[in-house]
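The values are calculated or read from the model by the stated rules, or taken from the named source; none is laboratory data. Please read all numbers here as calculations on a predicted model, not as lab measurements. Here Cβ is always computed from backbone atoms with ideal geometry, including for glycine, and neighbour counts include all displayed protein chains. These area figures cover heavy atoms from the full protein model, side chains too; ligands, DNA and RNA do not enter into them. Shrake-Rupley method; radii C 1.70, N 1.55, O 1.52, S 1.80 Å.
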Amino acid sequence: MNKIIFASNNINKVVEIRKILEGKYEILTLNEAGLEIDIPEPHDTMELNALEKSMTIYKLKGTSCFAEDSGLEVDALNGEPGVRSARYAGTHGDDARNIEMLLHKMQGIENRNARFRTVISLIENGRNKFFEGICEGTVAYQQKGENGFGYDPIFIPLGLDKTFAECTSEEKNAVSHRKKAINKMIEYMLLKDNISENKK
Ligand code: ITT
């Protein structure tokens, strides 16, 4: 099976993406690729941060790899936390405080519309391609559910009446931003592989 490095230190993302790509591609984590590295995310767009992560790893390893930058965009907060989702309350990856901060800012706000957005940067032979995935929904008034990670306990995807944290991984993967972006990337990679097969 083809192997590809996923340039992420977020084990929850790795688990979700492994499940989505099961049987199609083997995902190597940074650790498994022999890299212990914390890649900075200094930019103010998901595109540039995803590219920073994938390009950093490509330069170190020289093999195909991809990275993703993702976040929750809330309409009533002008798209916040957005690109700052992982560190909204100050400390990177403090999910509990990030949720607390978001619910606090949304007190008294009736427009709960929001979306998860993921941007993947895939680098092959030094060239970059972006893939985007969006999942529309609303921000709940309180946390519910134990599954998933990040803002899952307060995000209700459109068409369901429960939070992502109340969903099974199959239910989340059926509609998630990450699944949509990964699907686009797989379609692109398979098409390209077919084209180069036909040229032989
Ligand atoms: P890497 O950069 O190492 O991949 P990270 O956690 O720093 O991991 P991001 O900078 O892309 O990743 O931050 C994404 C944050 O957005 C993440 O920490 C969550 O708070 C939130 N997030 C993204 N996707 C999510 C999902 O499917 N469910 C819940 N929260 C999500």
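First measure r as the distance between the Cβ atoms of residue 15 and residue 141, then evaluate 1/(1 + (r/R0)^6) with R0 = 22 Å and state the FRET efficiency to the nearest 0.05. The pair residue 15/residue 141 has a calculated efficiency of 0.20. Couplings for the range 105-112, taken from phi via the Karplus curve 6.51 cos²θ - 1.76 cosθ + 1.60 with θ = phi - 60°, read 5, 9, 4, x, 8, 8, 6, 9 Hz in order; Gly and Pro are left as x. A simple rule links phi to the HN-Hα coupling: the Karplus curve 6.51 cos²θ - 1.76 cosθ + 1.60 with θ = phi - 60°, which for the range 29-38 gives 6, 4, 4, 5, 8, x, 10, 10, 8, 10 Hz, with x for Gly and Pro.
Could you provide, to the nearest whole Å², the per residue accessible area of the range 14-65 with probe 1.4 Å?
Accessible area per residue, the range 14-65: 55 Å².
For residue 155, the residues whose amide H sits under 5 Å from its own are 140, 164, 165, ignoring neighbours fewer than 5 places away on the same chain, with H placed 1.01 Å from N. Across the range 58-71, computed HN-Hα scalar couplings (Karplus, 6.51 cos²θ - 1.76 cosθ + 1.60, θ = phi - 60°) run 4, 5, 7, 9, x, 10, 4, 7, 9, 9, 9, 10, 9, x Hz from first to last residue, x flagging Gly and Pro. Average 1/r across all pairs of distinct alpha carbons in the range 49-91, invert it, and you get the Kirkwood radius: 11.8 Å.
Per residue, the convex hull around the alpha carbon atoms of the range 10-108 comes to 120 Å³.
Just to make sure I understand: if all protein chains stay in place, what is the order of 59, 13, 184 by accessible area at 1.4 Å, largest first? Walk me through the intermediate numbers first.
On the way: 59 165, 13 20, 184 100 Å².
The residues order as 59, 184, 13, largest area first.
If DNA, RNA and ligands are ignored and the probe is 1.4 Å, what is the ranking of 141, 58, 25, 188 by accessible area, most exposed first?
Listed by decreasing accessible area, they come as 141, 188, 58, 25.
Pairs from the list 144/172; 19/180; 24/162; 144/184 with a Cα-Cα gap above 25 Å: 24/162; 144/184. Among the protein heavy atoms of the chain, carbon and sulfur supply 48% of the accessible surface, probe 1.4 Å, non-protein parts ignored. Sorting the Cα pairs of the chain by distance into bins of 5 Å, from 0 upward, gives 1, 7, 15, 20, 20, 15, 10, 6, 3, 1, 0, 0, 0 percent per bin. Three semi-axes describe the equivalent ellipsoid of the range 136-200; taken as square roots of 5 times the Cα gyration tensor eigenvalues and ordered largest first, they are 35, 10, 8 Å.
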